[in-house]
Amino acid sequence: MEEEVEELSPRQVNGQCLQAYNMEESEIHQSEECSVIHRTIGDKGLLPDCGTDTEKDQLSKSKNTDKDENGTMRELSQMVQVIWKNSSWWERHGIDWSIIGLAFCILPIGFLCLRSQSLLLFALGIVLLGLAHGVFSVKGSHMASHRTLCQSRTLGRFWATFFVEVCSCIPVQCGDEGHVKMHHGYTNIVGLGDSSVWKVPCLSCGIYMFVAPLAIPFLTVLVGFKYATQMPLVPALRSLFWIVFGLWGHFQLLVQVSGLSYSSALGCMFLSRALLAIPFIHVNIFQHIGLPIFSSSNRPRRIQLMTNAVLNLARNPVLDWTFGHSIISCHVEHHLFPHLSDHMCLKVKPLVSKYVCDHNLPYHEDTYMSRLHLFLSNYNELMVLAPPIVQLVEFH
């Protein structure tokens, strides 16, 4: 539980198409009451973070930075570990499995609804299948990638294969390297884990935000097959088998159980898999892009990096259920402690938020609609132009 994310050098990660940004200087504005670190875009600053030490305090602490920083992360980890040890299996894993189990339960209802001649019931079937697919391909695959679904390594590998490859059409190795090791190890580090993989500068704001995400069902399959070609032969064949099995199984269930024609089955596959594609893209860009970004040569320490470069979205019943707390409302906690399950991230959230604020570290929180308005208003600056690099004054 205390284990931190394994970091890799850029040479160790293969198959990653990450775009490096041009380095620019950011501005650090000091106020009388607190330090405000933000990036300047146009005429206004975005995402101010109050609560950092003043420059005088920071300089006075610079000699003990290593000791203070290590102690801060170690102390927080020990406090979180106490909560973990005092939690039951139901809190550690059971609640999340109950949500996944409910998704399994609504699958047959969704397939049977598609047999109906009623347009309303047919639409309900698409919605139910889309929600279930969201639970499997986002919440399930995300937790499986971090091995937080269970404590057994053997079962962990089984569920990773099922949720990541069968349901999400992505090789497990791709999730391990691209997300767990790269994104978590180098969150908002330029050219590494800076979320540039989500940027498509050639697309206009409206197309990117509301039309392009509908291509996710096709793109995930293409990405999965492309990544498999870069893997060793045996693991690649194994991953391709499970990806094809997942697509074939979904198609056959629509044909055999729902009684659809081949063309109708393909259409329903697309609709159910694209149901939550727009919020999926939004969430992935809202929680890191627009926040401070750092160079690999001058990166802050772990607790500084995660509290500055990660944002929590407000609670949302649908997204919390389908995507998981660690992706929506507890993303900061997840980046600090990626080995905690979704519900455990929610349980430790009050402790973590109080601790980082008490230690004068930023704790980013915003609503979905507020972030949407921000990206629609500043799309060119956030998603097209290269962001400036923040140079943090040392603080613990």
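Some points to look at:
- Ligands, DNA and RNA aside, Met369 has an accessible area near 130 Å² when probed at 1.4 Å.
- Inter-part distance where the stretch 314-388 and the stretch 71-148 are each reduced to a Cα centre, Å: 18 Å
- The amide H of Ile389, built 1.01 Å from its N in the peptide plane, has Glu24, Glu25, Ser26 as neighbours under 5 Å, considering only residues 5 or more places off or on other chains.
- Solvent-accessible heavy-atom area per residue, rounded to whole Å², over the stretch 156-214 at 1.4 Å: 33 Å²
- Accessible surface calculations at 1.4 Å, restricted to protein heavy atoms, place the stretch 224-294 at 45 Å² per residue.
- Using C-alpha pairs below 8 Å separated by at least 6 residues, the relative contact order for the stretch 148-196 is 17 percent.
- Accessible area of the stretch 294-396 belonging to carbon and sulfur atoms, whole % at 1.4 Å probe: 58 percent
The values are calculated or read from the model by the stated rules, or taken from the named source; none is laboratory data. Quick caveat, the model's predicted, so the values are computed rather than measured. Accessible surface areas use protein heavy atoms only, side chains included; no ligands, DNA or RNA. Shrake-Rupley method; radii C 1.70, N 1.55, O 1.52, S 1.80 Å.
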